[in-house]
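These notes are about the structure you will find just below.
The values are calculated or read from the model by the stated rules, or taken from the named source; none is laboratory data. Treat the numbers as computed from the prediction; the structure is a model and nothing was measured. Every residue, glycine among them, receives a Cβ derived from its backbone with ideal geometry; neighbour counts consider all protein chains shown.
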């Protein structure tokens, strides 16, 4: 029973956010099999991320972030910016570029953010399961709530720019790089804040997430409105 109570706060947010994004894409909803595949790709991305972290070890570049938070503030900042942010965002971006852009149903600007969000959901789920044995019930609820939101938001940044270029028949590499850099910097900054000052930094970290969420919500609403108007203007 206790194990179930620990897993529920990790599972329930996944179902909530999956339903939320399916509703947001209600104009031309993506095939459920594609969304499920993106979730699985997110699970795999978490494994790729772990392999990348392990790959830093032979180079002497893998550090304990919590230990850095206690002893080396500058070291933690550098590690968050050049390791945590890039590794985790690249792990999610790769399956998006390699697999998702080839979906036949990938045909409108909103699709990129929807698919990237499901990759983020899968990544967050795998990450939370990994940490489950080390969390108290309160921490499990906190991670279960925060982790999916964080990974969806940061993934949406690079997905937005890549999708805009891809559907406009332009090379997605430069826009994708720009979005990746922005997401990486924001991700690294967020992790630095919450690792350095887990309690004191919460208002700043929360403000960062709220600002990105508002941007994302406005973009998704605009893309949905444009899709509806385009469909209405298209003759039968």
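The number of residues in region 213-226 that are within 12 Å of residue 113 (Cβ to Cβ) and surrounded by 12 or more Cβ atoms within 10 Å (Cβ to Cβ) comes to 8. For residue 119, state whether it is buried (at least 18 other Cβ atoms within 10 Å of the Cβ), at pLDDT 95 or above and over 13 Å from the mean Cα position of the chain (by Cα). Judged against the criteria, residue 119 is not a match. Could you list, in sequence order, all residues of region 120-177 that are farther than 18 Å from residue 100 by Cβ, in contact with a helix residue (DSSP H, G or I) (Cβ under 7 Å, 6 or more places away or on another chain) and part of a loop (DSSP other than H, G, I, E, B)? Residue satisfying the conditions is 135 alone.
When 235, 203 are checked against the criterion of being farther than 23 Å from residue 21 by Cβ, at pLDDT 85 or above and surrounded by fewer than 17 Cβ atoms within 10 Å (Cβ to Cβ), a single residue qualifies: 203.
Condition check ((1) assigned to a helix (DSSP H, G or I); (2) over 21 Å from the mean Cα position of the chain (by Cα)) across all residues:
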site: 55; (1), (2): yes, yes
site: 61; (1), (2): no, yes
site: 68; (1), (2): yes, yes
site: 75; (1), (2): yes, yes
site: 93; (1), (2): yes, no
site: 96; (1), (2): yes, no
